[in-house]
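Taking it in order: structure first as structure tokens, then the write-up.
The values are calculated or read from the model by the stated rules, or taken from the named source; none is laboratory data. These numbers were taken from a predicted model, which means no experiment stands behind them. Using ideal geometry, Cβ is built from the backbone for each residue, glycine included, and neighbour counts are taken over all protein chains shown. Just the protein is used for accessible areas: all its heavy atoms, side chains included, with ligands, DNA and RNA removed. Shrake-Rupley method; radii C 1.70, N 1.55, O 1.52, S 1.80 Å.
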Amino acid sequence: MLLGPALVLSAILFSLGVAGVLLRRNAIVLFMCVELMLNAVNLAFVALAQLYGVAGYVIVFFVMTVAAAEAAVGLAIILAVFRHGQSIDLQNINLLHG
């Protein structure tokens, strides 16, 4: 029924997320773009679940679980980096240079 428009919307959201990851330098914005890509994939799985059954919903559950874990760990890392350098601009982060 709504498979075509849902997949098109999913592709648009995923493209916006990829563009945000590639173009932005702020860690929080980059983090939100990754979440946008994960939600676009979830939308595609839900749309395809109409055709293929419950497997799409199960995969969405696992993606949401991974996204929640990624949010917790990612925000902790961003907070630690901000406390160390008072900036979350990815150009200024050089913690691994020694």
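If you check Gly56 against the conditions, is it at pLDDT below 90, in contact with a Phe, Trp or Tyr (Cβ under 6 Å, 6 or more places away or on another chain), within 21 Å of Gln91 (Cα to Cα) and not aromatic (Phe, Trp, Tyr)? It is false that Gly56 is at pLDDT below 90, in contact with a Phe, Trp or Tyr (Cβ under 6 Å, 6 or more places away or on another chain), within 21 Å of Gln91 (Cα to Cα) and not aromatic (Phe, Trp, Tyr). Taking segment 8-26 as the range and being in contact with a helix residue (DSSP H, G or I) (Cβ under 7 Å, 6 or more places away or on another chain), under 30 Å from Gly85 (Cβ atoms) and surrounded by fewer than 20 Cβ atoms within 10 Å (Cβ to Cβ) as the test, the residues that pass are Leu16, Val18, Gly20, Val21, Arg24.
Just a yes or no: is a residue in segment 79-92 among the aliphatic types (A, V, I, L, M) and surrounded by fewer than 11 Cβ atoms within 10 Å (Cβ to Cβ)? Outline the logic, then answer.
Taking segment 79-92 first, the residues among the aliphatic types (A, V, I, L, M) are 79-81, 88, 90.
Next, only the ones that are surrounded by fewer than 11 Cβ atoms within 10 Å (Cβ to Cβ) stay: none.
No, segment 79-92 has no match at all.
Among residues of segment 73-91 that are more than 15 Å from Val21 (Cβ to Cβ) and free of Cβ contacts under 8 Å to residues at least 40 places away in the same chain, those with a Cβ under 8 angstrom from a residue that is open to solvent by 90 Å² or more (accessible area, probe 1.4 Å) and of a type outside the set (Lys, Arg), sequence gap 6+ or separate chain, pair up as Gly85/Asn92.
Answer yes if at least one residue in segment 35-54 is more than 9 Å from the chain's Cα centre (by Cα) and at positive phi, and no otherwise. So far as segment 35-54 goes, yes, one or more of its residues are more than 9 Å from the chain's Cα centre (by Cα) and at positive phi.
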